[in-house]
Every structure is written in structure tokens, then in C-alpha cells.
Amino acid sequence: MAPLTAGGISPAFLKLLADERLGGLTVLDVGTGRGRLALALAPRCDRVIGIDRDESALAAARQAAAAAGLRNVEFVAVDAEAGEYLGFAPDVVAAHLCMSTAIAERAGRALARGAPFAFVAFHADQWRETGRRSRFAWSEDEAASILAAAGFSLEHLSVERDVQEFSGVEQALAAAIGLEEKWRADGRWFRYIKFLEEGGRTLTRAHLHVMARKT
């Protein structure tokens, strides 16, 4: 079978899923957005259901599925942290950069013993230069603890980290320009500027890759 690929999704995470036998299974893609992961997985499994609360993103995902001729993909408007997953009868739950304790708990309630739960989450070091962690960010110990409480055993946990280093302030600002509006809204931008004024010249991106199995 051809390598599993999807634009913007880590090849290391995709390999975790590619190593699973997905044929004949139903995969629930939590926080699917525009459906990149769901569309990549569709040729490998019986059915993929992508859930998200963003209706505009789901509309784009449906268009992409239709354009690709994929008939085994469905996109449903559901708040991944409020709705339950049991009704979708998933054999596998996967998520890319949409992860929280509430999602882990729902995956634990929906999956049968031995079923896989694979995800990418922000690591605690993500954008550490702003001095503020995302509520979706986990450390390795936090991930292990939350998963154990939700009824999972860890099979794989790794960190993918990229630390950009800049020669000057202008270069550092240019690297974060796409984040400015969001960071201004939540106060991170001013903390990042302070970090640069004090001589800092880095910007960290860090993701946690996990494969867990229901016990």
C-alpha cells in the first residue's frame, strides 16, 4: 500500500496510524477541521467519520471528499468536548492538534478493549517564548496520567520539536507574523515582544505524538 500522506500533518504521526491494520474499521477523526486526516485515512479503512463544530470547515471537507471521489467519509457537526462518541461506534479514534482531557475521556468511553487512540497534541513547550501555555498543551507526564485515568495504556509517546533561531528582532517578528492577531487577542504577543526586547531570539514549536490502547 502507498505511504500514508497528508499535507500539514506530521509523517511520524501518520506512520503510527499506517502501522495499524485499519481495513474494515471505522475511524473517528476528532476535530477534523477541513478533513485532511480523514481524507488521508479513507482509502485504508471501511469508514471515516470526521467531527468538528466549525460548519464552514466541514463544508470544505465535504467538498474535498467529493472532489476525491471518496464515498466512505462522513463529516458531522459535533462539539468534540461536549458530545459523546459512542453513537459513532468507532473502532479507532484519531485526532490531530485537537486534544484535551474531555476528548480523552470520551474516547475512553467509546472504544472497546484493545482499540487504538492516536493523536498529536501541542507539547508544553509549544511557543514557550510567549510565557503562556495553550490549554491544549500537555507534558509527557500529563499525557500519561490523563490517558491512564481515561482507561488507556501508552504504546508510543514522542516529542517532535523545532526551535527556530533568529539573528535579529525583525527576523523573529517575521516568523510569527501569522500569529500576531491571535496572540494580540490573548496577550501572548506582548509577552513575545518582551522576550525579544530582553534578547530572546527563538520560537519553539513542539508536538506530542501518542499511540495508546484501551485497556
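The values are calculated or read from the model by the stated rules, or taken from the named source; none is laboratory data. What you are looking at is a predicted structure, and each value in this text was computed from that prediction instead of being measured. Please note: Cβ atoms are built from the backbone with ideal geometry, for glycine as well, and neighbour counts cover all protein chains shown.
Criterion first (of a type outside the set (Asp, Glu), surrounded by 15 or more Cβ atoms within 10 Å (Cβ to Cβ), in the same structural domain as residue 136 (by TED's automatic domain parsing) and more than 20 Å from residue 122 (Cβ to Cβ)) does residue 61 satisfy it? It is true that residue 61 is of a type outside the set (Asp, Glu), surrounded by 15 or more Cβ atoms within 10 Å (Cβ to Cβ), in the same structural domain as residue 136 (by TED's automatic domain parsing) and more than 20 Å from residue 122 (Cβ to Cβ).
Within the range 61-90, being closer than 19 Å to residue 105 by Cβ and out of contact with any strand residue (DSSP E or B) (no Cβ under 8 Å at 6 or more places or on another chain) holds for 79, 81, 82, 84, 86, 87. Report every pair of residues separated by at least 6 positions or lying on different chains whose Cβ atoms are under 6 Å apart, first residue within the range 111-130 and surrounded by fewer than 24 Cβ atoms within 10 Å (Cβ to Cβ), second aromatic (Phe, Trp, Tyr) and at pLDDT 95 or above. Within 6 Å, the pairs are 129/192; 129/195; 130/192. Residues of the range 150-178 that are closer than 30 Å to residue 105 by Cα and either acidic (Asp, Glu) or out of contact with any His (no Cβ under 9 Å at 6 or more places or on another chain) (or both): 150, 151, 152, 153, 154, 155, 160, 162. Counting residues in the range 17-37 that are assigned to a helix (DSSP H, G or I), acidic (Asp, Glu) and assigned by TED's automatic domain parsing to the domain that holds residue 110 gives zero. Residues that are surrounded by 14 or more Cβ atoms within 10 Å (Cβ to Cβ) and over 29 Å from residue 11 (Cβ atoms) within the range 152-179 comprise 169, 173, listed in sequence order.
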